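Chemist: This is the structure I have questions about; it appears just below.
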Amino acid sequence: MLFGGFLKTFDMIMMEIYNIISNIPCPPCRYRLDLLIGVQGFWNMIFAMTVTGWIGIAYTIRIQIMRYRDLEYNLASRTLGTPTAKIVVKNIMPQLVSVIVTMASQLLPGFISYEAFLSYFGLGLPVTTPSLGRLISDYAQNVTVNAYLFWIPLTTLILVSLALFIVGQKLGGCQRPTYA
């Protein structure tokens, strides 16, 4: 996808792939992938989330590449005959590292919450695999008798998601300055 905003034909192909995949709702696509793979499991869920979750990151990276490709030093490199691959690797990739790390750290809480949501309703991981969503679901009926059994996994889920979200927000403020 690094050449998506740089090479016109590759960009057109990637935009068509983006348009197709982004119009498919994520949960049905995840269930279909589970059916294609066969057995439900942790790695199958990771695979399904990866297949359906990369498209937003790819689009944002494409926009960032288009933003950086027309800066003066890149135009000068292109005019001097520098190969496109070298311009992308040497001039644009260092600018994208902070964007990629920030987006990845901001997506992790969403993936954790999505897994807990699916496991809460019994659609996520198999019963043999431990999950915060399944613990919350199991103890939701006994919230008046043993409230701590319900609140401990829920608080753990909230704290983990909140910590990762705060890290993502702090990393977002540390992006490199542009040289425009």
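The values are calculated or read from the model by the stated rules, or taken from the named source; none is laboratory data. Not measured: the values here are computed from a predicted model. Please note: Cβ atoms are built from the backbone with ideal geometry, for glycine as well, and neighbour counts cover all protein chains shown. Heavy atoms of the whole protein, side chains included, go into the accessibility calculation; ligands, DNA and RNA do not. Shrake-Rupley method; radii C 1.70, N 1.55, O 1.52, S 1.80 Å.
Chemist: Does ASN74 satisfy the condition of being touching a helix residue (DSSP H, G or I) at 6+ places or on another chain (Cβ under 9 Å), over 26 Å from GLN169 (Cα atoms), surrounded by 17 or more Cβ atoms within 10 Å (Cβ to Cβ) and modelled with pLDDT of 80 or more? First the steps, then the outcome.
Modeler: Values: touching a helix residue (DSSP H, G or I) at 6+ places or on another chain (Cβ under 9 Å): yes; over 26 Å from GLN169 (Cα atoms): yes; surrounded by 17 or more Cβ atoms within 10 Å (Cβ to Cβ): yes; modelled with pLDDT of 80 or more: yes.
Here the answer is yes, as ASN74 does meet what is asked.
Chemist: Given ARG69, ARG30, which one is modelled with pLDDT under 80, touching a Leu at 6+ places or on another chain (Cβ under 9 Å) and surrounded by 17 or more Cβ atoms within 10 Å (Cβ to Cβ)?
Modeler: Details: ARG69 fails: modelled with pLDDT under 80.
So the residue among ARG69, ARG30 that is modelled with pLDDT under 80, touching a Leu at 6+ places or on another chain (Cβ under 9 Å) and surrounded by 17 or more Cβ atoms within 10 Å (Cβ to Cβ) is ARG30.
Chemist: Determine whether GLY110 is touching a Gly at 6+ places or on another chain (Cβ under 7 Å), part of a helix (DSSP H, G or I) and either aliphatic (A, V, I, L, M) or open to solvent by less than 80 Å² (accessible area, probe 1.4 Å) (or both).
Modeler: Against the criterion (touching a Gly at 6+ places or on another chain (Cβ under 7 Å), part of a helix (DSSP H, G or I) and either aliphatic (A, V, I, L, M) or open to solvent by less than 80 Å² (accessible area, probe 1.4 Å) (or both)), GLY110 does not qualify.
Chemist: Just give me the residues in the range 120-169 being part of a loop (DSSP other than H, G, I, E, B), hydroxyl-bearing (Ser, Thr, Tyr) and open to solvent by 50 Å² or more (accessible area, probe 1.4 Å), in sequence order.
Modeler: Once the filter is applied, which keeps residues that are part of a loop (DSSP other than H, G, I, E, B), hydroxyl-bearing (Ser, Thr, Tyr) and open to solvent by 50 Å² or more (accessible area, probe 1.4 Å), the range 120-169 yields THR128, THR144.
Chemist: Being assigned to a helix (DSSP H, G or I) and of a type outside the set (A, V, I, L, M) is the filter here, so list the residues in the range 56-71 that pass it. Before you say what the answer is, go through the steps one by one.
Modeler: Restricting attention to the range 56-71, the residues satisfying the condition of being assigned to a helix (DSSP H, G or I) are 56-69.
Across the range 56-71, the qualifying residues are GLY56, TYR59, THR60, ARG62, GLN64, ARG67, TYR68, ARG69.
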